[in-house]
Amino acid sequence: MGSIAIPGGGIIEEMVTPSFEEFQKQTSLMTSCTLLWKELSDHFTSLEQDLKKKSEALKVKIQSLDTVTKQSLTVLEKREVSIDKHVEIAVKMVEKYEKAALIEVKKLGDEGNDEDLGVKLRSFCVKMDFSEFWKFVTGKKKELDLLRVKIPVALAECIDPAKFVLEAISEVFPVDKRDGKSGERSNDLGWACVLVLESLIPVVADPVLGNSRPLVTPKMKERARKIADVWKESLDQRGGIENVKTPDVHTFLQHLVTFGIVSKEDMNLYRKLIVGSAWRKQMPKLAVSLGLKDKMADMIEELISKGQHVDAVHFTFDVGLVDKFPPVPLLKAYLKDSRTAATSILEDRSNAGRALLLAGRKEQSALRAVIKCIEEYKLEAEFPSEGLRKRLEQLEKTKVDKKKPAAVPANKRTRASTCGPMPPAKAGRLTNAYVSSFPARSPTYVPSPPHSQYPSAVSPYGYERQHAPSMYGSRSPPAIVYSPEEAAPAMLGGSYPGAPLSYPAYGGYGNGLVAGYPQAYYR
């Protein structure tokens, strides 16, 4: 084919050139739009994924809420059933006791059997005679173990056990109403209050939910709450949190647990009260019942910082924190602290004899408390107590030897008239010369050697020094290990005399207990 001539070729070239440039601009614009579209697409995809994740999380939460709702409804249904059952039980009990009450009272009047403690308690409870019940219980302190078994059974006979208990203990709680003219106020009845409050717990327990929900009427619960408020308001009159008596603290805390009136706003108060009365063995369990389980580690550290290592050991075992606070280093640190305290007592130059006696008591008390812990928690393999027992026997033997009268030498002059021993020749001017059972005081007091005088590896007791874990704080001294082969150093011519056998061991955990409370009360 032949070529076609295009007239005006220059004009066509001018038209094609700008059109190509425009095409390039359009291409660049399309590329930008494509990139922007991709960016927007990725952004929306990311938003979609986030929304999907959040949607799934919401579904999980909704399912969890549904589960909790179902559990709550189930609990409510159980409570409703338990209330119905409790009402049925109460109605049957009322009908039963209504018929048996007069027969029981008449039978007791005819027989006059005062020896049957359980029958007497039941009689008071059936008649709702809380005043006589209280007098009877407080007069049977020596039969504490039997009371602990019989009182819950007797309280179950009451028409309103909660009201009966509140009325019974009202003589001394929340405030002591006794006039004190005959010395009544000196007779602390905190043990009886705690005993009766503890005995009420199984009586008012929910038949389905147990002790977690006491079946106490709203009226009685409100009354119990007001009683607790009165006790808190009277703290200043009792000397404040630091000086309030431990039996009062124990009664107050047990009152809260028994009636289920624990207040979250008062948790700090509960903690201070428990730490202040930590020597009583019921305190760790009361702390857990009061909702302080999460604070127990801090409370144990506070006890350690105050030098109450034995109390801390009991807390660790009761709340399951033995791994965090190993007991053996605590006990060794406590022994070291007691030794330091005994040494500081011996520095009293004004009364050397009394200082020796007090130092001996301090060491014996610490030894008994540690030995008791080793036996109670079976720590013999980790901390052998043989050396501690030998040291305790040595102190007790020293006390006995000190009390023996001094022997009269054979070359003493005797009176011609009585053939009795003559006093020493140089004691002729003394009006009442005798030989003391304690070492005679010298003009210059010789203190016990400081720790620095002993070899660095051996302490005055003859035990090796170790380092206690840093978790116990800076106040805990180096741990100690008693060595039965080593004897205690001589002090003032011999070991200081031991404490009297009646001296109570530390914190009520040893052989002795706080005066006025039988040993069974602390089991």
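Ranked from the most accessible area to the least, with a 1.4 Å probe and all protein chains present, what is the order of R368, R148? Could the numbers behind the result be given before it?
Numbers: R368 20, R148 80 Å².
Final ranking, largest accessible area leading: R148, R368.
Report the calculated FRET efficiency for T67 and V175 (r = Cβ-Cβ distance, R0 = 35 Å), to the nearest 0.05. My answer for the efficiency is 0.15.
Applying the Karplus relation 6.51 cos²θ - 1.76 cosθ + 1.60 with θ = phi - 60° to region 241-248 yields 3J(HN,Hα) values of 4, 6, 10, 5, 5, 4, x, 5 Hz, where x marks Gly and Pro.
Taking packing as the residue-averaged number of other Cβ atoms within 10 angstrom, the listed peptides 53-61, 215-223 run from highest to lowest as 215-223, 53-61. Were the residues from Q49 through E347 laid out at 0.36 nm apart, the gain over their Cα-Cα distance would be 99.5 nm. For A205, the residues 5 or more places off, or on other chains, whose built amide H falls under 5 Å of its own are L215. Computed from label points 7 Å out along Cα-Cβ, the spacing between K397 and D294 is 5.5 nm. Measuring only protein heavy atoms, the 1.4 Å probe finds I151 accessible over about 0 Å². Quickly work out the R213-to-L146 label distance, labels modelled 7 Å from Cα along the C-beta direction, and quote it in nm with one decimal. Roughly 3.8 nm, to one decimal. Peptide packing for 286-293, 319-326, 84-91 was compared via the average number of neighbouring C-beta atoms within 10 Å per residue; ordered from the highest value, the list is 286-293, 319-326, 84-91. Our coupling estimate for region 379-395, obtained by passing each phi through the Karplus curve with A = 6.51, B = -1.76, C = 1.60 and θ = phi - 60°, is 9, 4, 5, 8, 9, x, 9, 4, x, 5, 5, 5, 5, 5, 4, 5, 5 Hz, Gly and Pro reported as x. Dipole magnitude for region 326-401: about 180 debye, using +1 per Lys or Arg Cβ and -1 per Asp or Glu Cβ, origin at the Cα centre.
The relative contact order of region 326-401 comes to 28 percent, based on Cα pairs under 8 Å that sit 6 or more residues apart. Remark: region 31-105 carries a charge dipole of roughly 120 debye about the Cα centre, counting +1 on each Lys and Arg Cβ and -1 on each Asp and Glu Cβ. For the set E48, E396, the ranking by accessible area, highest first and with no ligand, DNA or RNA atoms included, is E48, E396 under a 1.4 Å probe. Distance from the C-alpha centroid of region 383-397 to that of region 272-298: 32 Å, rounded to the whole angstrom.
Rolling a 1.4 Å probe over the heavy atoms of the protein chains gives region 31-105 an accessible area of 89 Å² per residue. Once Lys and Arg get +1 and Asp and Glu get -1 on their Cβ, which of L392, T340, P329 lies farthest toward the positive end of the dipole of region 326-401? Value: T340. Each residue, E380 and D266, gets one label point 7 Å from its Cα in the Cβ direction; the gap between the two is 4.5 nm.
Quotient of the Cα radius of gyration of region 31-105 and 2.2 N^0.38 Å, N being its number of residues: 2.79.
The values are calculated or read from the model by the stated rules, or taken from the named source; none is laboratory data. This structure is a prediction, so every number in the text was calculated from the model and none was measured. Every residue, glycine as well, gets a Cβ built from its backbone with ideal geometry; the counts of neighbours run over all protein chains shown. With ligands, DNA and RNA removed, areas are computed over all heavy atoms of the protein, side chains included. Shrake-Rupley method; radii C 1.70, N 1.55, O 1.52, S 1.80 Å.
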